[in-house]
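To keep things clear, I will list the structure first and then write my remarks on it.
Where a number appears in this text, it was derived from the coordinates with a stated rule and is not lab data. Treat the numbers as computed from the prediction; the structure is a model and nothing was measured. Please note: Cβ atoms are built from the backbone with ideal geometry, for glycine as well, and neighbour counts cover all protein chains shown.
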Amino acid sequence: MSSNIVKKFPTVTHISQYIAKMITGGIASSGHGDYFSIALAGGSTPREVYSYLATIKDNPVDWQKVCLFWGDERCVAQESAESNYRMVKESLLDHIDIPDSNVVRIKGERDPSSEATRYAETVKFLLPHENNTPRFDLVLLGLGEDGHTVSVFPDNILLFHSDKLFEATKNPYNRQQRITATGKLINQAAVVVFIVTGRSKAGITASVIEKRGDWKKYPATLVQPVNGELIWLLDKEAASEFEREL
Ligand code: 6PG
């Protein structure tokens, strides 16, 4: 069962500093020749975090020892403004020295169903396994105001329980096709981190973490690492509706 750690920070920069230390610490404790595997979050929140990681001067990340994956992707061209890959490329990849082979993107331009299968096979091949399932060192997640995470939305919450590692699905609000990791993969990770900022996320954040209101409808509540840590990194605005003192 996972531990549920909730940390409040003054700003997203403080959150970024914390994540940077998690990554550099993870690299330091990785075995010789191993790499530190990260499934990146999409959306807009993590952009500032990735930009910070790209510009660290003291104790920078050794990107030669990191492999980057995505937890979900929009089924668009990589050049599209909607692309999670493009967001990471602009904020991080274009500013760091990381081997191309260490960047394993979801090919959103391909047929969603076959790409979900291809990417799952790629992740299975590249990652170490536990319980016959690929195990990420770190999964970064965002949280939608409706309680979705990656691209598992409340209208299709059962997708989280798929026996596949990745599924093709749709954003129910604009019918945009998506490829998403499922709970089978996410809950096998060593560490899962939600990054949530802003006043608009305060209500849903408190509902998910404190299991208030319609919490059972929210896919984010299903993130429960079976043998790992669950850590919430919140700025003070996102943490502003907590009943208990953080
Ligand atoms: C995506 C993400 C999605 C995102 C949340 C929060 O591709 O959009 O996987 O789960 O993390 O919707 O998005 P914001 O950070 O933009 O609020």
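Over 32 Å between Cα atoms, which of K57/K170; K164/K211; K65/K217 qualify?
Beyond 32 Å: K57/K170; K65/K217.
Given segment 119-246 reduced to its alpha-carbon atoms as identical point scatterers, what log10 I(q)/I(0) does the Debye formula return at q = 0.14 Å⁻¹?
Summing over Cα pairs of segment 119-246 leads to -0.61.
Quick one: if the Förster radius is 45 Å, what FRET efficiency do F125 and S44 give, using the C-beta to C-beta distance and rounding to 0.05?
So the FRET efficiency works out to roughly 0.90.
Give, in whole angstrom and from largest to smallest, the semi-axes √(5λ) of the equivalent ellipsoid of segment 1-135, with λ running over the eigenvalues of the Cα gyration tensor.
23, 20, 16
Compute for segment 39-78: radius of gyration divided by Kirkwood radius, i.e. Rg/Rh, restricted to C-alpha atoms, rounded to two decimals.
Checking Rg against Rh, the ratio lands at 1.02.
State, to one decimal in nm, how far the label point of S29 lies from the label point of N171, with both points 7 Å from Cα in the Cβ direction.
3.6 nm
Please express the Cα-Cα pair-distance distribution P(r) of segment 11-62 as a list of whole percents, one per 10 Å bin, running from 0 to the bin with the greatest distance.
For segment 11-62, the pair-distance distribution reads 23, 54, 21, 2.
Distance from a point 7 Å along Cα→Cβ of E90 to each backbone N in segment 41-57: keep the residues under 20 Å and list them by number.
41-56
Which of the trypsin sites (Lys or Arg not before Pro) found in segment 174-246 are loop residues per DSSP with 14 or fewer other Cβ atoms within 10 Å of their Cβ?
Of the trypsin sites (Lys or Arg not before Pro), the ones in loops of segment 174-246 whose Cβ has at most 14 other Cβ atoms within 10 Å are R175, K211, R212, R244.
Output the antiparallel fraction of DSSP beta bridges having both residues in the chain, as a percent to the nearest 5.
Bridges in the chain are about 30 percent antiparallel.
Can you tell me the alpha carbon radius of gyration of the chain divided by the globular rule-of-thumb value 2.2 N^0.38 Å?
Ratio of Rg to 2.2 N^0.38 Å for the chain: 0.94.
What is the chain's relative contact order, in percent, from Cα pairs under 8 angstrom and six or more apart in sequence?
Relative contact order for the chain comes out at 25 percent.
Using r as the Cβ-Cβ distance of K211 and E79, and R0 as 25 Å, what FRET efficiency do you calculate, to the nearest 0.05?
0.05
When the Debye formula is applied to the Cα atoms of segment 158-216, each taken as the same point scatterer, what base-10 log of I(q)/I(0) results at q = 0.19, 0.20 Å⁻¹?
Taking Cα atoms of segment 158-216 as identical point scatterers yields -1.00, -1.07.
What is the distance, in nm, between label points placed 7 Å from the Cα along the Cα-to-Cβ direction at D163 and at N4?
2.9 nm
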